[in-house]
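Let me begin by presenting the structure, written as structure tokens, before commenting on it.
The values are calculated or read from the model by the stated rules, or taken from the named source; none is laboratory data. None of the values given here were measured: they were computed from a predicted structure. A quick note on method: Cβ atoms are made from the backbone with ideal geometry, for glycine too, and the neighbour counts reach across all protein chains shown. In case anyone asks, the SASA skips ligands and DNA or RNA and just uses the protein heavy atoms, side chains included. Shrake-Rupley method; radii C 1.70, N 1.55, O 1.52, S 1.80 Å.
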Amino acid sequence: MSTNAPIRAVLFDLGYTLINFEGDFSRVMRESYLVLAASLQEAGYSFDAGEFADRFNDIITEYYRSREEDLTERPIEQYLSRVLASYEVYDPLRNVIQGSLERMYRFTEEYWQLEEDAISTLDQLKADGYRLGMITNAANADNANRLIDNCGLRPYFEVILISAVEKIRKPDTRIYSRAISRFELPPSRFVMVGDTLTADILGAQNAGMRAIWINRRADREENHNVADRIVPDAVIETLALLPSTLSSL
């Protein structure tokens, strides 16, 4: 994207951009589903925990596939309700559902760690006069908000958009447009920083922004599949390189 307008606002992705998952992701997810099962069993629901974890994994995997196609973020509670319905539990208590999901997410939250150069980079950007925002795809808003607060990130951002709240996901340009409207700046004054070529780079560029790909956590099939047709405005390996890269755009 060619533009000479100076950057005034920097938007960030959250996962694998500002924070990183430190652990075996598949193993931790499986264990978190067992935590969910145990919480529901404590509430009086009867089923085999391992079988429940398998059913939940199947349904949540289908959910993840469908949301990548239509970019709609649906409440994860409805997918848990579908699993419970397979055990002939048709009207689960709302507080039980929410409390059990919270326990599941809190288990995984222990594995998300702040990138070592995140805070120093954000400090530098603020000192340089940039306005900062965040757009993150997340199935559960409480989970995303806890991650943001646990890592001390919230004070840096004047705008934070979470797909679970907005009901749409990156790369849908509408979520970018909502961020733009909050800042009251034209799209040409923004840059998006993220690790996913489709959601973060293509989505931002389609919304009229420039986009910087941070690729140290980006060695994934979803990026490999589109690397030949999505071209970032810049590529960096670490957040520490961001301030100097911004000055050169």
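Which percentage, to the nearest 5, of the DSSP beta bridges contained in the chain is antiparallel?
15
Positive end of the dipole of the chain, charges at C-beta (+1 Lys, Arg; -1 Asp, Glu), about the Cα centre: which of 180, 18, 76 has its Cα farthest in that direction?
Checked the options; the winner is 180.
What list of ³J(HN,Hα) couplings, whole Hz, do you get for region 86-95 from phi and the Karplus terms 6.51, -1.76, 1.60, once you set θ to phi - 60° and write x for glycine and proline?
For region 86-95, the Karplus-derived couplings read 5, 9, 6, 9, 9, 9, x, 5, 4, 5 Hz, x marking Gly and Pro.
Quick check: the angle from helix 76-85's long axis to the longest principal axis of the chain, C-alpha only, nearest 10 degrees?
Taking Cα atoms only, the helix is inclined about 20 degrees.
Looking only at trypsin sites (Lys or Arg not before Pro) in DSSP loops with at most 12 other Cβ atoms within 10 Å, what is the longest site-free stretch of the chain?
With trypsin sites (Lys or Arg not before Pro) excluded where exposed in loops, the chain gives 1-219 as its longest stretch.
Given H placed on each backbone N at 1.01 Å, which residues far from residue 19 in sequence or on other chains put an amide H within less than 5 Å of it?
Close amide H contacts, sequence-distant or interchain: 115.
Please report, in Å, the Rg and the Dmax of region 1-157, where both are computed over Cα atoms only.
According to the Cα coordinates of region 1-157, Rg and Dmax are 18.7, 62 Å.
For region 112-198, which whole-number percentage of the solvent-accessible area (1.4 Å probe, protein heavy atoms only) is attributable to carbon and sulfur atoms?
Exposed carbon and sulfur together represent 44 percent of the surface.
Rounded, prolate or oblate: pick one for region 110-192, where a ≥ b ≥ c are the square roots of the eigenvalues of its C-alpha gyration tensor, a/c under 1.5 means rounded, and failing that, prolate if a/b is larger than b/c, else oblate.
oblate
Whole-Hz Karplus ³J(HN,Hα) for region 122-129, in order, using 6.51 cos²θ - 1.76 cosθ + 1.60 and θ = phi - 60°, x for Gly and Pro?
4, 4, 5, 5, 5, 5, 7, x
Which log10 I(q)/I(0) values does region 36-81 give at q = 0.15, 0.29, 0.30, 0.32 Å⁻¹ under the Debye formula, counting every alpha carbon as one identical point scatterer?
So the normalised log intensities are -0.44, -1.05, -1.09, -1.17.
Give, in nm to one decimal, the length gained when the segment between residue 167 and residue 229 is fully stretched (0.36 nm per residue of separation minus the Cα-Cα distance).
19.6 nm
Rounded to two decimal places and with Rh computed the Kirkwood way over Cα pairs, what is Rg over Rh for region 93-249?
Value, to two decimals: 0.97.
Kirkwood Rh over Cα pairs of region 6-68 into Stokes-Einstein at 37 °C, 0.692 mPa s: D in µm²/s?
229
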